[in-house]
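Only one structure is covered here, and it is reproduced in the block below.
The values are calculated or read from the model by the stated rules, or taken from the named source; none is laboratory data. Note that the coordinates shown come from a computational prediction; the quantities given were computed from them, not determined experimentally. Glycine also receives a Cβ, built like all others from the backbone with ideal geometry; neighbour counts cover every protein chain displayed. Surface accessibility is based on the protein's heavy atoms, side chains included, excluding ligands, DNA and RNA. Shrake-Rupley method; radii C 1.70, N 1.55, O 1.52, S 1.80 Å.
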Amino acid sequence: MNIGNHSFDTEKNCYIMGILNVTPDSFSDGGQWDSLDKAKAHAADMIREGAAIIDVGGESTRPGHTQITTEEEIGRVVPVVRMLKESFDVPVSIDSYKGDVVEAALQAGADMVNDIWGLKYDRRVAQLIASYQVPCCLMHNRDNTDYENFLEDMCRDLEESLEIARAAGIPREKIILDPGVGFGKTYEQNLEVIHHLERLKDMGYPVLLATSRKSVIGLTLDLPADQRVEGTLATTVMGVERGAAFVRVHDVKENMRAIRMTQAILRG
């Protein structure tokens, strides 16, 4: 898979997508990187530690979040996307599900779209991805946890996202799937989808696992968000073992070391 001017071997490697939240209220790092200087310094740290992609988000999507206006989100992310493209040779992803925000970020140079609603919130996002010929990550999400058969229903929901992508003309080689840990799932279902990540891989697309510091870890270990590194590392190791091509994390250095060690063991 090509993202920006970089090539990714999604069959043999697992790459890190570093999280850059330029928000005042994200659940784990809200307000820490909300100026250009802070964002640039943090991106430089993540790249040095091994991040292969930087994912820029301008709206918190934590449980119970308040949606901000499109104008405010654009004002947060576009200057950061431009700065990253001018400063670093690394693909930049825009974490948004709104067409106007996605378009503004792509115009600013974003190389990829990370849509937490799997193209279902704003169908224009699919058209923009196809038009700009960029890769996308389609996350599983729904506004309830009413599943008859959780894993089967989750895959069926993702097939709906894939159909939207196909209808818009997005090539299959530009699609990544994300099981959506923490979104539209109970605590038990979050654990189940991590355990059975191969079900997504069997759908024939690279898989991204995004568990970093999330509530499933906090509930398991009874720890606040800033003390969930070890729990995140356990999920990363599980993800690599089950074939994840990408992990989206806050703590790049630690996760990079866990990935390298796991891959060394798997390769013997």
Inset, instruction - May I ask you to derive the relative contact order of the range 37-132, considering only C-alpha pairs under 8 Å and at least 6 residues apart, and to give it as an integer percent? - result: 26 percent
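Per residue, how much accessible surface does the range 115-265 expose to a 1.4 Å probe? Answer in Å², no decimals. Please list the in-between numbers first.
On the way: 6630 Å² over 151 residues.
Heavy-atom SASA per residue in the range 115-265 reads 44 Å².
If contacts are Cα pairs under 8 angstrom and at least 6 residues apart, what is the relative contact order of the range 128-251 in percent?
Values: 167 pairs, mean separation 30.6, N = 124.
It comes to 25 percent, rounded to a whole number.
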Legend entry - Order of exposure, largest accessible area first, which applies to Ser7, Ser161, Ser87 with probe 1.4 Å: Ser7, Ser87, Ser161
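Below 8 Å, C-alpha to C-alpha, sequence gap of six or more: please give me the relative contact order for the chain in percent. Could the numbers behind the result be given before it?
Details: 510 pairs, mean separation 50.4, N = 268.
Worked out over the chain, it gives 19 percent.
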Inset, instruction - Express in Å², to the nearest 10, the accessible area of Leu128 obtained by rolling a 1.4 Å probe over the protein heavy atoms while all chains stay in place. - result: 20 Å²
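Put Arg248, Arg257 in order of accessible area, largest first, 1.4 Å probe: what do you get?
Listed by decreasing accessible area, they come as Arg257, Arg248.
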Legend entry - Too-long pairs where the Cα-Cα distance tops 23 Å, listed order kept, from Lys38/Lys253; Lys12/Lys98; Lys120/Lys185: Lys12/Lys98
Inset, instruction - Would you mind telling me which residue in Leu208, Leu177, Leu223 has the biggest mean-square fluctuation in a Gaussian network model of the chain, where springs connect alpha carbons within a distance under 10 angstrom? - result: Leu223
Legend entry - More than 24 angstrom apart: percent of Cα pairs within the range 58-154: 25 percent
Inset, instruction - Give me the percent of Cα-Cα pairs in the range 133-182 that sit more than 12 Å apart, rounded to a whole number. - result: 64 percent
Legend entry - Estimated [θ] at 222 nm from DSSP helical runs (n ≥ 4, -39500 (n - 2.57)) normalised by residues in the chain, nearest 500: -13500 deg cm²/dmol
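Based on DSSP, what percent of beta bridges with both residues in the chain are antiparallel, to the nearest 5?
Roughly 5 percent of the DSSP beta bridges within the chain come out antiparallel.
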Legend entry - At most 14 other Cβ within 10 Å, DSSP loop - trypsin sites (Lys or Arg not before Pro), the range 82-123: Arg123
Legend entry - Whole-percent carbon and sulfur share, accessible surface of the range 123-249, 1.4 Å: 47 percent
Legend entry - Reduced Cα scattering model of the range 197-242, Debye log10 I(q)/I(0), q = 0.26 Å⁻¹: -0.86
Legend entry - Residue-level accessible surface for Arg228, protein heavy atoms, 1.4 Å, Å²: 30 Å²
Inset, instruction - Sort the range 131-261 into rounded, prolate or oblate with this rule: let a ≥ b ≥ c be the square roots of the eigenvalues of the Cα gyration tensor; rounded if a/c is under 1.5, and if a/c is not under 1.5, prolate when a/b is larger than b/c, oblate otherwise. - result: oblate
Legend entry - Label point distance in nm, Met203-Glu159, each placed 7 Å from Cα along Cα→Cβ: 1.1 nm
Inset, instruction - Rank Leu221, Leu233, Leu36 by mean-square fluctuation in a GNM of the chain with C-alpha springs under 10 angstrom and give only the top-ranked residue. - result: Leu221
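Take the chain, mark every one of the GluC sites (Glu not before Pro) that falls in a DSSP loop and has at most 14 other Cβ within 10 Å, then report the longest stretch left between them, sites excluded.
Values: sites that count: Glu11, Glu148.
In the chain, the maximal stretch lacking such sites is 12-147.
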